[in-house]
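The values are calculated or read from the model by the stated rules, or taken from the named source; none is laboratory data. Values in this document were obtained by computation on a predicted structure and should not be read as measured data. Counting neighbours? That spans all protein chains shown, and the Cβs are built from the backbone with ideal geometry, glycine included. With ligands, DNA and RNA removed, areas are computed over all heavy atoms of the protein, side chains included. Shrake-Rupley method; radii C 1.70, N 1.55, O 1.52, S 1.80 Å.
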Amino acid sequence: MSAVADDGSGRRGLSAGAFAPLLACLGLLVAWQIGAMLLATDSIPTALDALRAVPDVLLSRDGLINILDSIRRMVIGLAAAVVVSIPLGLVMGRARAVAAFFNPILMVIYPVPKAALMPIIMLWLGVGDLSKTLVIFLAVTLPIIYHSFEGAKAVEEKMIWSGAAMGMSRAQIMARIVLPAALPEILAGCRTGLVLALITMVTSEMIARKSGAGNILFNALDMGQYDTVFAMIIVVGALGIVLDAAFDRLRRFLVAWSETRQDIPLSFS
Amino acid sequence: MYHGLRKAGTRSKVEEASPGAAALAAPPMIAIEGVSQTFKTAGRKEHLAISNVDLEIADGAFVSILGPSGCGKSTLLYIVGGFVMPTAGSVKVRGRAVTGPGPDRGPVFQEFALFPWKTVLGNVTYGLRQQGVPRFEAEERGHKLLAMVGLKGFEAFYPKELSGGMKQRVAIARTLAYNPSVLLMDEPFGALDAHTRTRLQNDLLEIWERDRKTVLFVTHAVDEAVYLSDKVIVMSRSPGRIKQVIDIDLPRPRRRAELLLDPHYQKYVVDIERLIEDAPEDAVHT
């Protein structure tokens, strides 16, 4: 018997979980290749052509600087959103008055596509880093607030009482009971936030072109360099997969205590 | 030895306290004075959950509150814990008015309410670490308590890996860790199967007989209340009020097997069960 089979469902689930996404990516590339060959138009390069252009984008000094610019803005926007949203969401979840105050405001802001605010923000803050980072921040804030809010609301009353009986103050209860108890839900919000940050990152660069992955993409589009356009789409997609997988690793490490014993294969949501 | 059932309020305060002038001057461990609690129901009607409850509990006593569901017995316990504020009346613990939760009153809930992100040892030491006890000292005490509740070797487990009975053992150890003067137990064995429940009752008695903390124990199981308690408070429903206080005059240490055959024990159980059965007729009783 092989070690893998002996190890039981957990181990087998893991290898299947790693294999299936690879198969899906491969299938997508094959379909693309065949489709592009059949259509044979300039604006849709074959998968192989696009893949061949990926190193040009990644290894050129210009390409690398642009992509790193994008990632830097994304990370700063995301980090700022996390720092602001989690405490706000948690307090909203435990204090009815605070929730009653913020809920209507957030409800108005929620459906507005944040990238649509980009032109206005550019008027105030210019086309540089600040406005793009701010747009990313705005896009990511709401789902994290919402999930933190729901997580904090769901914390068992008696868990909080148990902490209070130990002599914890309100602030200590927030930090040492509500925060860890709501962490699985908070991290679900952060994961949504991560994907939204990536989307907003590209969109903001589409509107305010100066630097970044979106800048390269849309400049190439203007110049009819379709290989580069699709190579950039592949790069952004790959970045999404890698970041999501890395975040999921971190999430599992942080909330292993709450997980039931089943491995969910990589998800890209 | 057996005095039978006594009506609430017929006992004098002198009888309540142990003899001697010093003991007379000392306040009871818990004094509940004129406590009432009203809730607003969904239809905005006021529902009187607890009506004018007076109760004194002596230091070191094991007292059970018994009653049908909805009689406000848990609410009364939460009021003593300071988790719920009464609409009227007051609670004093060692002569000091209760204004909120505090480490002098340690709760144990039916739902366990363990911290799932902490190991068994982490749960037990959480309160001590909170109070600034150094890690080594807290863990030493944690190990001792876990051995006492029969969980030696489970220190590194997470709550999700434990059975219900083990979870409640952790919860008891977690509360004992910060050494409260009063244990507030809210149907602690209500969610456990019969066998586990019996074992936890026995172990709780053994622990209690060792350090004689004051225990306020809410339950709806008559046999459990009689087996464990010095005194059983029977409550009636809508509104919840004290119907009768019964002293359980059975010798300690109590051993379950002997007790079940004891006619005094049996009489207590039957009498109290009858008392609870005619609760509806007693709704107007004052």
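Considered as a group, the residues in the stretch B:127-144 that are outside any helix (DSSP H, G or I) and within 14 Å of chain A (Cβ to nearest Cβ) include one that is nearest to residue A:165 (Cα to Cα), and that residue is B:131. Scanning the stretch A:161-172 for residues that are open to solvent by 20 Å² or more (accessible area, probe 1.4 Å), assigned to a helix (DSSP H, G or I) and either closer than 10 Å to residue A:86 by Cα or within 12 Å of chain B (Cβ to nearest Cβ) (or both) yields A:161, A:170, A:172.
Using the structure shown, decide if residue B:101 is within 14 Å of chain A (Cβ to nearest Cβ), in contact with a helix residue (DSSP H, G or I) (Cβ under 7 Å, 6 or more places away or on another chain), within 15 Å of residue A:160 (Cβ to Cβ) and open to solvent by 50 Å² or more (accessible area, probe 1.4 Å). Taking the combined requirement at face value, the residue satisfies it. All of B:196, B:214 fail the test of being open to solvent by 20 Å² or more (accessible area, probe 1.4 Å), within 24 Å of residue B:144 (Cα to Cα), of a type in the set (Val, Ile, Thr) and more than 14 Å from every other protein chain (Cβ to nearest Cβ), apart from B:196. Does any residue of the stretch A:121-130 turn out to be open to solvent by less than 50 Å² (accessible area, probe 1.4 Å), more than 14 Å from chain B (Cβ to nearest Cβ) and not hydrophobic (A, V, I, L, M, F, W, C)? Yes: the stretch A:121-130 contains one or more residues that are open to solvent by less than 50 Å² (accessible area, probe 1.4 Å), more than 14 Å from chain B (Cβ to nearest Cβ) and not hydrophobic (A, V, I, L, M, F, W, C). So which residues in the stretch A:95-120 are over 30 Å from residue A:174 (Cβ atoms), hydrophobic (A, V, I, L, M, F, W, C) and open to solvent by 70 Å² or more (accessible area, probe 1.4 Å)? A:120, the sole residue that qualifies. Being open to solvent by less than 30 Å² (accessible area, probe 1.4 Å) and more than 25 Å from residue B:180 (Cβ to Cβ) is the filter here, so list the residues in the stretch B:217-239 that pass it. Result: B:222, B:234, B:236, B:239.
Within the stretch B:108-126, residues that are more than 7 Å from chain A (Cβ to nearest Cβ) and aliphatic (A, V, I, L, M) reach partners that are open to solvent by less than 10 Å² (accessible area, probe 1.4 Å) and assigned to a loop (DSSP other than H, G, I, E, B) with beta carbons closer than 8 Å, at six or more positions or on different chains, in the pairs B:108/B:188; B:120/B:151. Scanning the stretch B:58-77 for residues that are open to solvent by less than 30 Å² (accessible area, probe 1.4 Å) and either hydroxyl-bearing (Ser, Thr, Tyr) or over 23 Å from residue B:248 (Cβ atoms) (or both) turns up B:64, B:74, B:75. Evaluation of residue B:99 against the conditions (1) within 30 Å of residue B:268 (Cβ to Cβ); (2) outside any helix (DSSP H, G or I); (3) hydroxyl-bearing (Ser, Thr, Tyr) shows that the sole unmet condition is (1). Assess whether residue A:55 counts as being on the phi < 0 side of the Ramachandran plot and either under 19 Å from the mean Cα position of the chain (by Cα) or modelled with pLDDT of 95 or more (or both). So residue A:55 fails the test.
The residue of the stretch A:48-75 that is nearest to residue A:246 (Cα to Cα), among those that are free of Cβ contacts under 8 Å to residues at least 60 places away in the same chain and either touching a Ser or Thr at 6+ places or on another chain (Cβ under 7 Å) or among the aliphatic types (A, V, I, L, M) (or both), is A:75.
For the stretch B:76-91, enumerate the residues that are in a helix (DSSP H, G or I) and not aromatic (Phe, Trp, Tyr). B:76, B:77, B:79, B:80, B:81 - these are the residues of the stretch B:76-91 that are in a helix (DSSP H, G or I) and not aromatic (Phe, Trp, Tyr). Output the number of residues of the stretch A:56-92 satisfying the condition of being assigned to a helix (DSSP H, G or I), open to solvent by less than 60 Å² (accessible area, probe 1.4 Å) and of a type outside the set (A, V, I, L, M). Within the stretch A:56-92, residues that are assigned to a helix (DSSP H, G or I), open to solvent by less than 60 Å² (accessible area, probe 1.4 Å) and of a type outside the set (A, V, I, L, M) number 8.
Do you know which of the residues in the stretch B:145-184 that are part of a loop (DSSP other than H, G, I, E, B) and within 13 Å of another protein chain (Cβ to nearest Cβ) is nearest to residue A:257 (Cα to Cα)? Result: B:158.
For (1) among the acidic types (Asp, Glu); (2) open to solvent by 30 Å² or more (accessible area, probe 1.4 Å); (3) in contact (Cβ under 8 Å) with a residue 40 or more places away in the chain, each residue gets a yes or a no:
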site: A:182; (1), (2), (3): no, no, yes
site: A:192; (1), (2), (3): no, yes, yes
site: A:210; (1), (2), (3): no, yes, yes
site: A:213; (1), (2), (3): no, no, yes
site: A:220; (1), (2), (3): no, no, no
site: A:226; (1), (2), (3): no, yes, yes
site: A:240; (1), (2), (3): no, no, yes
site: A:244; (1), (2), (3): yes, no, yes
site: A:254; (1), (2), (3): no, yes, yes
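Scanning the stretch B:25-57 for residues being open to solvent by less than 80 Å² (accessible area, probe 1.4 Å), within 14 Å of residue B:72 (Cα to Cα) and polar (S, T, N, Q) gives a total of 4.
Name the one entry in A:154, A:188 that is within 13 Å of chain B (Cβ to nearest Cβ) and aliphatic (A, V, I, L, M). Step by step, each of A:154, A:188 is checked, and only A:154 is within 13 Å of chain B (Cβ to nearest Cβ) and aliphatic (A, V, I, L, M).
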